[in-house]
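Heads up, the thing below is written out as structure tokens.
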Amino acid sequence: MNLLIMGPPGAGKGSQAVIIKERYNIPHISTGAMFREAIKAKTKTGLLAKEYIDKGELVPDSVTIELVRERLQADDTKNGFLLDGFPRTIAQAQALDQILSEVGKKIDKVINLVVDEEILVIRISGRRVCKTCGETYHIVNKKPKVEEICDVCGGELIQRADDNVATVTNRIKVYYEKTRPLLNYYDDKGILINIDGSGEIEETFRYVEKIMEDANDLT
Ligand code: ADP
Ligand code: ZN
């Protein structure tokens, strides 16, 4: 199954993606995570991406599309994949269709997490990530056992550079302007599924599971 997970920043795409990946055994492809890795490794793409990410702007389509094109060539995408954070513009969505059609594939389902704007800012500003393994936490909703220390690996918990209020506000604005119109694009194809993402991670995942079961009934 080739899946997309969509929703505004803070909707919980990453949290769901981690569970979906485990449960359905498909690779989780997050352009945000790929950019963060490139920044850490100080590659050319990383240095360029950083300038946009720090401001809450989108990295240019040409760069992002090439990154995804390459990633989708990897062998582990043969039996399906979950794209998270891509596409974010109509041009990216069209490019994705093109990339997939060249290899006789298509997107089967688009899971859209619906969450009110007030909740988004609270979620993102309280988010912490492990500097070492990338595990995410929340200062209210998902506290680590020991303050500022990762439960998984003992690493230090930090705030993502683009999770400050000013950048978050811009990311949400950019989402409404550039990414939200994609929902119509996929709705017109009849593959968009909206689910409530305002509850707990497990609760949202139960809706995701339901969708996957319904999809299997059809095949
Ligand atoms: P979130 O969904 O919480 O905003 P991501 O980790 O998906 O976070 O993305 C972080 C940042 O990386 C974005 O704000 C943007 O600058 C950049 N980025 C990620 N994916 C894309 C994309 N498909 N196109 C352009 N920029 C992207
Ligand atoms: Zn860790």
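Counting residues that are within 21 Å of Asn2 (Cα to Cα) and more than 17 Å from the chain's Cα centre (by Cα), which helices (runs of 4 or more DSSP H) fully inside segment 153-219 reach at least 1?
182-188, 201-218
Exactly one condition in (1) within 21 Å of Val18 (Cβ to Cβ); (2) touching a residue at least 24 places away in the same chain (Cβ under 8 Å) is not met by Cys150; state its number.
It is condition (2) that Cys150 fails.
Considering only residues that are more than 9 Å from ligand 2 (Cβ to nearest atom) and surrounded by 14 or more Cβ atoms within 10 Å (Cβ to Cβ), which ones fall in segment 131-142?
Scanning segment 131-142 gives Thr136, Tyr137, His138, Ile139, Lys142.
Here are some conditions: (1) of a type outside the set (A, V, I, L, M); (2) touching a Gly at 6+ places or on another chain (Cβ under 7 Å); (3) at pLDDT below 95. Thr204 meets all but one. Which one does it not meet?
Evaluating Thr204 over (1) of a type outside the set (A, V, I, L, M); (2) touching a Gly at 6+ places or on another chain (Cβ under 7 Å); (3) at pLDDT below 95 leaves (3) as the failure.
In segment 144-169, what count of residues is obtained for those that are surrounded by 15 or more Cβ atoms within 10 Å (Cβ to Cβ) and within 11 Å of ligand 1 (Cβ to nearest atom)?
5
Hey, any hits in segment 87-109 for a residue that's aliphatic (A, V, I, L, M), within 15 Å of ligand 1 (Cβ to nearest atom) and out of contact with any helix residue (DSSP H, G or I) (no Cβ under 8 Å at 6 or more places or on another chain)?
Checking segment 87-109: not a single residue is aliphatic (A, V, I, L, M), within 15 Å of ligand 1 (Cβ to nearest atom) and out of contact with any helix residue (DSSP H, G or I) (no Cβ under 8 Å at 6 or more places or on another chain).
Could you list, in sequence order, the residues of segment 60-84 that are in a loop (DSSP other than H, G, I, E, B) and either within 16 Å of ligand 2 (Cβ to nearest atom) or within 20 Å of Met212 (Cβ to Cβ) (or both)?
Matches in segment 60-84: Lys78, Asn79, Gly80.
Mind telling me which of the residues Ala49, Ala17, Ala33 ends up being surrounded by 15 or more Cβ atoms within 10 Å (Cβ to Cβ), of a type in the set (A, V, I, L, M, F, W, C) and in contact with a helix residue (DSSP H, G or I) (Cβ under 6 Å, 6 or more places away or on another chain)?
The conditions single out Ala49.
Mind checking which residues of segment 143-167 are more than 9 Å from ligand 2 (Cβ to nearest atom) and under 16 Å from Arg36 (Cβ atoms)?
Of everything in segment 143-167, those that are more than 9 Å from ligand 2 (Cβ to nearest atom) and under 16 Å from Arg36 (Cβ atoms) turn out to be Ile158, Gln159, Arg160, Ala161, Asp162, Asp163, Asn164, Thr167.
Scan segment 53-95 for residues that are surrounded by fewer than 16 Cβ atoms within 10 Å (Cβ to Cβ), under 24 Å from Asn25 (Cα atoms) and of a type in the set (Asp, Glu) and report the count.
The number of residues fulfilling the criteria is 3.
Consider Ile195 carefully, then state whether it is under 22 Å from Lys106 (Cα atoms), in contact with a Lys or Arg (Cβ under 9 Å, 6 or more places away or on another chain) and in contact (Cβ under 8 Å) with a residue 24 or more places away in the chain.
For Ile195, the condition - under 22 Å from Lys106 (Cα atoms), in contact with a Lys or Arg (Cβ under 9 Å, 6 or more places away or on another chain) and in contact (Cβ under 8 Å) with a residue 24 or more places away in the chain - is met.
Does segment 96-107 contain any residue that is touching a His at 6+ places or on another chain (Cβ under 7 Å) and either crowded, with 16+ Cβ neighbours inside 10 Å or of a type in the set (Gly, Ala, Ser) (or both)?
No, segment 96-107 has no match at all.
The values are calculated or read from the model by the stated rules, or taken from the named source; none is laboratory data. Predicted, not measured: the structure shown is a model, and the values here were computed from it. Here the Cβ is made from the backbone with ideal geometry for all residues, glycine too, and neighbour counts use every protein chain on show.
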